[in-house]
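Below is one structure, written out as structure tokens; the observations come after it.
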Amino acid sequence: MNKKWLLKEIELWREEEIIDSDSAETLQNRYSAKSSSGTLTIIFSILGSLLIGTGIILIFAKNWYLMPRGIKIFLSIFPLLAGQGLAIFTLIKKYSSLAIREGVAIFYTAGVFTAIAMISQTFHLTYDFERYLLLCGLLTLPIIFILDAVSPLAVYFYAVVNWGALAMDGSYSPMNTFLFLLLFGLGLLYVFVNRKKVDDIRHIYTLWISVVAGFAVTLVFTFGLSLDGADVFLVCLVFFTMLFAVDKNRDDFLLPFKPLSVLGGLIIMMILSYGWMFDPYAYDYYGTTGTSMSVWLATIIALTMVASLFLGYKHYRKDKGKFLFLIAMLSTCVLLMAWSVTQTNGFLYTILINLITGAVGVGIIVRGVQSAELSVTNLGMLVTVGLILMRFFDEDMDVFWRGVAFLILGGLFLFINFRIIKKRKQVLNVEEAAVV
Amino acid sequence: MKKLLLPLLIVLIIFQLGVPAYLVYEKVDTLKTGAEYKFEVEIYDAYGAGKGQYVSLMALEQRRFYSYSENIFDGKYGIITTGEDGFAKIAQTVKTKPSGAYITSSSNGYFELPIGRYYLDKDLAPGVQSLLFEGQQKLRPYVILRVKNDKVVIQGLYIDDVRIEDYTVQD
């Protein structure tokens, strides 16, 4: 069969609305698989476009100082003009080629950023980086939708998060907050629209960068709202708890929800186990006492925690281990919230968080051993040994009490080991009896 | 759906070209019709990846703000006056737009003059630094700013009334 003919026919079917765009794309990908949809082809296409764009800029940079302002301005917008021309050509002639679409989209995006930056440079404009990022982000976003290309999404999120960080630095403004959320939401809209294309590696990529950008947005908010240390950790932990809860208990690590939430949650619990977060004097030093959270923020956090519990129960009710991990993260959130309000008994909170983190570490080891998954066992070992090492070198804890804690933990480990061996023997005995 | 994409792309292209065109218009207009102010500066070298070679500038007026004795950090707008020596000064900073000549801060948190860097040919910038390192006290560099409403453009960097580009070439 002639592939070119078939591809043209598919394009005709799409134009005549015999088939929809999604079906046409699937068919075109299938029959032009080797030429246009390979991941490697797309990556090389993106890298090649970036290199060509950078090369053009560097050639312009030579003798830049000697050029009259008019030529400088033309050369500044030349990469943008080239990107626009290529985008029109791609839309008309090569829309079915993923590699070309992605390559052109990133080149086009570079053209937008370059044009604005070089014009600013021509007039020696300083700073105003905030306005530059906002402007470039807004001019880049439609490229993603029109060319249906994911390569500029990371650049867009970078621009939005950086703009948000600069705009909200030290000054809370409802307008900036709304704009920040809107801009981030517009980027997420592309991911949402394509959420069902999980067989497309490009959309897996968009999920990963969206989650990373989501965490960055969360952090920017904590700084913008001038939250104290414990409250910053609370907001971040609630983010990871929700992320863990939305995972539909997939077995693999293809989607970012589980790996990033487990990693983030464990790191936060390990940091909290030091206890310095629960020292009210640390906050007195900066002249602040009491919680730094407003009522509405506390309400949002509480609602997110309830939603996490609901979703977590829905997804993990048949997987006790994972559900318990969610409960551990939620319990830590509750402890952080309680401490934020009371700001007393820091030692008690430290002990409780150490117990929760230790239980999580041991729980992961047990799960890894039971399911014979080496990576899970190693993760559990890392958490448990890490926690022990951190406490061993923890100078805030008296040497005597450290010794007592270690003895108790050691005894606990041996007891668990004894129970596992006993249970294994019982199982073996039952199996032998069954054979006999 | 694809039929809609082309008109959308055309609209986007118009916007994308409109933005730099407006920026150029705004700056050229400010250069031509804006009021002229001379600000004394200190020059120090800098190199930023992705930003190219430039000389970093610190206005002496800005340095005055950084000293704790001056309590004029606050405020988005700096009221400009010209001293007897011909150099511009910031008499006061205010939070609302003043009626007279003013300059808008380039920072949100505190008043910052929009004089930060001056782009030069990559071969010239290091030379400027060494030149000034040897005799900055005697040379007294300054920038000419053109100011029109909220807009500010650096017209040029000068040493002894000679543009830095020409001065470096002479040197």
With a point put 7 Å past each Cα toward its Cβ, work out how far A:SER173 is from A:ILE71 in nm, to one decimal.
4.0 nm
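R0 = 56 Å: FRET efficiency of B:SER99 with A:ASP319, Cβ-based, nearest 0.05? Mind showing how you got there, number by number?
Details: r = 69 Å, r/R0 = 1.23.
Computed FRET efficiency for B:SER99 and A:ASP319: 0.20.
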Which helices count as membrane-span-like in chain A under these terms: full DSSP H, at least 24 Å along the axis by C-alpha, Kyte-Doolittle mean of -1.0 or more?
A:39-61, A:69-93, A:98-122, A:129-146, A:174-193, A:201-224, A:229-246, A:295-316, A:320-342, A:346-371, A:374-392, A:399-435
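If you take every residue apart from A:ILE365 with its C-beta less than 14 Å away from the C-beta of A:ILE365, what net charge results, scoring Lys and Arg +1 and Asp and Glu -1? Each step should come with its number before you reach the end.
Values: positive: A:ARG367, A:ARG419; negative: A:GLU373.
Once all neighbours under 14 Å are counted, the net charge is +1.
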How about A:LYS314: which aspartates and glutamates have a C-alpha closer than 15 Å to its C-alpha, ignoring those fewer than 8 places off in the same chain?
A:ASP247
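Trypsin sites (Lys or Arg not before Pro) within the range A:137-198: which are DSSP loop residues with at most 14 other Cβ atoms inside 10 Å? Show your work: numbers first, answer last.
Details: sites: A:ARG195, A:LYS196, A:LYS197; in loops: A:ARG195, A:LYS196, A:LYS197.
Within the range A:137-198, the qualifying trypsin sites (Lys or Arg not before Pro) (loop, at most 14 other Cβ atoms within 10 Å) are A:ARG195, A:LYS196.
Cβ under 15 Å from A:LEU407's Cβ, A:LEU407 left aside: what net charge do those residues give with Lys, Arg +1 and Asp, Glu -1?
Working: positive: A:ARG391, A:ARG402; negative: A:ASP398.
Surrounding charge for A:LEU407 is +1.
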Dimensionless Rg/Rh of the range A:282-436, both radii on Cα and Rh by Kirkwood, sits at 1.07
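Per Stokes-Einstein, at 37 °C and 0.692 mPa s, what whole-number D in µm² s⁻¹ belongs to the protein assembly as shown, with the Kirkwood radius over Cα pairs as the hydrodynamic radius? Mind dumping the intermediate values first?
On the way: Rh = 28.9 Å.
D, rounded to a whole number, is 113 µm²/s.
Net charge near A:ASN249: determine it from the other residues with C-beta under 13 Å of the C-beta of A:ASN249, scoring Lys and Arg +1 and Asp and Glu -1. Let's see the in-between values first.
Details: positive: A:LYS248, A:ARG250, A:LYS258, A:LYS314, A:ARG317, A:LYS318, A:LYS320, A:LYS322; negative: A:ASP247, A:ASP251, A:ASP252, A:ASP319.
With Lys, Arg at +1 and Asp, Glu at -1, the neighbours total +4.
Taking every residue in A:15-21, how many Cβ atoms of other protein chains lie within 10 Å of its Cβ, on average? Don't jump to the answer; show the numbers that get you there.
On the way: counts 2, 0, 1, 0, 0, 1, 2.
Averaged over the peptide's residues, the number is 1.
Computed from the coordinates by the stated procedures, all read-outs in this text should not be read as laboratory data. On a predicted model such as this, the values are computed, not experimentally measured, just so you know. Cβ sites come from the backbone with ideal geometry, for glycine too, and all protein chains shown count toward neighbours.
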